[in-house]
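Since every read-out is calculated from the coordinates, none of them should be taken as a lab result. These numbers come from a predicted model, not from an experiment. For neighbour counting, all protein chains shown are included, and Cβ atoms are generated from backbone atoms with ideal geometry for every residue, glycine included.
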Amino acid sequence: MGGETFHTLIAKNRRNSFILIGGFMLFFVGMGFLVGMVWGGGQAAFSIIVAAIAGIVAFILTLASYFGGSSALLGMSRAKEITHADDPQLFNVVEEICLAGGMPVPRIYLINDTAMNAFATGRNPRHASVAITVGLRSKLTRDELQGVMAHELSHIRNYDILYAMLMAVMVGVLVMLCDIFLRSMLWGGARRRGSRSSNGKGNPLQLVLIVVALVLAIIAPILARIIQMSLSRQREYLADAGSVELTRNPEGLIGALNKLGGDVEVLEVANRATAGLYFVNPIKKFEKRASSIFCTHPPIEDRVARLQQLTV
C-alpha cells in the first residue's frame, strides 16, 4: 500500500469524496449556465438564473438523499426490521463488531430473498442500518457471518454509504439535466433555424455554445458513472480490510466471498441504482465483466487474493 496505513487510506478516501461531491455541484451549476446561454441566445442574466435553478435543484435533492435516502433504499429492497428475539446470533455478532469498532449498534433488517447478499445504509453511524438476505443468513457459518457484517459496518464507519447515496443522487440529477437539455435542443431546433433565416446567418458564438453543450451533455453522464464506479470499487477493498481489522479473522470473510462467488441466484429486489450498495454485485451478468470500468464491484477473486495477503 505504498507506506499508507489503514487510517490514512480512510482519511484520503473521505477527502477525495468531498472533493468529488464539490466538483459535481460546481459542474451542475456550470452545465446550468451553459444551458442558459444556449436557451437564452447568449444572455448572461438568463444563464445565471438557469445556473441558480440547477444549483438549487441539486442541493435540494442532495438534502433529500441525506435525510431520506436510507429509508428509501430499505423500502426499495423490501427489507423488514427484525429484533434480537428474531435472530439472537445475528444480533450478537453485530454487537460484538460494534463494540470492537466503538460504534453504535445499527438497526438490522432481513430481506426475504434466497439470493446471497447484504448491504448497509445510513448517513452516519448513529443513523445506520444493515440488511442481509435470508439466503445469505442461512448459508454462512458464524465466522463468515461475522466477516460480512464487519465489512458492512466498515462501510458505515468510513461514511461510505453516505457518500454513495449522495453520489447516486448527483449522478441522477446530472443525467436528468443532460436529458432535458438534449430534448430541448431537438425541440428548439425549428425555432433556431427560423431565427437564422430571419437575418440570413447564424450567430457563431451561439453555434459554438450549442456544439460544446451537446458534447458535454452526451459525455458527462458517462464520465460521472465511470468515476462513481471507480470510487465504489476502491471502497469495497477498503471495507474488506476494515472487516479484517475488526474481526482479526480474514478466513471468515474469505469463506463468505467464496460462497458468494458460487451463488448464481439473482437478487430480485436489486437494480442498477442500488447494485453498488451490496456486498457483491447482485446483478450476476455484470460479475462476469467485473474488470469493466462500469462495474461497481471488483472481481471476487481479486478481493480474496488481497485478503490472503493481509497480515493481522
Most positive-pole-ward Cα, 83, 94, 125, against dipole of the stretch 48-143 from beta carbon charges: 125
Of all DSSP beta bridges in the stretch 94-182, antiparallel share, percent nearest 5: 55 percent
Positive dipole terminus of the stretch 42-171, leading residue within 116, 64, 47 (C-beta point charges): 47
Protection proxy ranking, peptides 56-63, 235-242, 150-157, 83-90, average beta carbon neighbours within 10 Å, highest first: 150-157, 235-242, 56-63, 83-90
Efficiency of FRET from Cβ geometry, residue 251 and residue 134, R₀ 25 Å, rounded to 0.05: 0.55
Rough spin-label spacing in nm, given labels placed 7 Å along Cα→Cβ, for residue 43 and residue 259: 6.5 nm
